[in-house]
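Note sheet for the following structure.
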Amino acid sequence: MTALLRLEQLGVIPVVVLDDVERANDLADALVAGGLPVAEITLRTGAGLAAIRTVAARGDVLVGAGTVLTADEVDLVVDAGATFVVSPGLSLAVVERCVARGIAVLPGIATATELQAAVVAGLDHVKFFPAGKSGGRPMIETLAEPFSTVRFMPSGGVSAENLADYLASPAIFAAGGSWMASRAHIAVGEFETIARLSRAAVDAVARVRSGVLA
């Protein structure tokens, strides 16, 4: 199964910022307990790369790398075990390196120009970022009209309150967010809370896909 297909099945991807690699296994345990065995671990801190390596080695969590900005970073995260790469913007160098390494890539786009460049680069899945400040679901659906083969993952401003609305759009294959595994939760060891919020997110995905939006 490809990473993109698995992300679509899961429907929601925790975007994780870890300040201490010693918290990585506890975080992974909480996500698994919540029925959400996936994490986009960002490179926003010095612990990010080591956390990717630690969680990937477990084998029970789909691990992606977020905030990947350069082709060299693609090599680092793939070698650490990441199975998908997420960027805040569209870097053709990052896309090309991911393709060369055989790894799924979700570059961030916010405009039709950026989306067209992603399509020309051969992509049919992208991240829409920052979703909340760039028009949200209505903007995604507007972009999807001329780019009907593209599927979107909104990230940035996605929350427990608006997750269902995003996922109800056929243009959206999954959504990324940090509310279920926030930096603050991780820092103080609130792993039971992370498990509970993850389970609630999983339940929200299931309700949308069964046709129950409330």
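The values are calculated or read from the model by the stated rules, or taken from the named source; none is laboratory data. Please read these numbers as outputs of a predicted model, since none were measured by experiment. Every residue, glycine among them, receives a Cβ derived from its backbone with ideal geometry; neighbour counts consider all protein chains shown. For the accessible areas, the whole protein counts, side chains as well, though only heavy atoms, and no ligand, DNA or RNA atoms are used. Shrake-Rupley method; radii C 1.70, N 1.55, O 1.52, S 1.80 Å.
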For V126, indicate whether it is more than 30 Å from D26 (Cβ to Cβ) and outside any strand (DSSP E or B).
no
Conditions first: (1) open to solvent by less than 60 Å² (accessible area, probe 1.4 Å); (2) within 19 Å of the chain's Cα centre (by Cα); (3) farther than 25 Å from G81 by Cβ. K127 passes all but one, so which condition is the exception?
(3)
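Return the residues of region 180-197 that are small (G, A, S), part of a helix (DSSP H, G or I) and crowded, with 16+ Cβ neighbours inside 10 Å; say none if nothing qualifies. Steps first, answer last, please.
Here is the first cut: in region 180-197, the residues small (G, A, S) are 181-182, 184, 187, 189, 195.
In the following step, the residues that additionally are part of a helix (DSSP H, G or I) were identified as 181, 184, 187, 195.
Across region 180-197, the qualifying residues are A181, A195.
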Go through V158, V95, V120 for me and flag whichever is in contact with a Leu (Cβ under 8 Å, 6 or more places away or on another chain) and among the aliphatic types (A, V, I, L, M).
V95
L18 is checked against (1) on the phi < 0 side of the Ramachandran plot; (2) in contact with a strand residue (DSSP E or B) (Cβ under 7 Å, 6 or more places away or on another chain); (3) without any contact (Cβ under 8 Å) to a residue 40 or more places away in the chain and fails just one. What number does that condition carry?
(3)
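If you check R207 against the conditions, is it over 14 Å from L10 (Cβ atoms) and open to solvent by 60 Å² or more (accessible area, probe 1.4 Å)? Spell out how you get there, then give the answer.
Working: over 14 Å from L10 (Cβ atoms): yes; open to solvent by 60 Å² or more (accessible area, probe 1.4 Å): yes.
So R207 fits the description; yes.
Working carefully through the options F147, F152, F191, F129, find the one that is over 18 Å from T42 (Cα atoms) and touching a residue at least 40 places away in the same chain (Cβ under 8 Å).
Values: F147 fails: touching a residue at least 40 places away in the same chain (Cβ under 8 Å); F152 fails: touching a residue at least 40 places away in the same chain (Cβ under 8 Å); F129 fails: over 18 Å from T42 (Cα atoms).
Unique residue meeting the criteria: F191.
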Quick one: how many residues across region 21-65 are touching a residue at least 60 places away in the same chain (Cβ under 8 Å) and under 21 Å from P107 (Cα atoms)?
3
Can you tell me which residue within region 130-140, out of those that are over 25 Å from T2 (Cα atoms) and part of a helix (DSSP H, G or I), is most open to solvent (accessible area, probe 1.4 Å)?
P138
Per the list (1) open to solvent by 50 Å² or more (accessible area, probe 1.4 Å); (2) part of a helix (DSSP H, G or I); (3) over 20 Å from T2 (Cβ atoms), residue check on S148 breaks on (2)
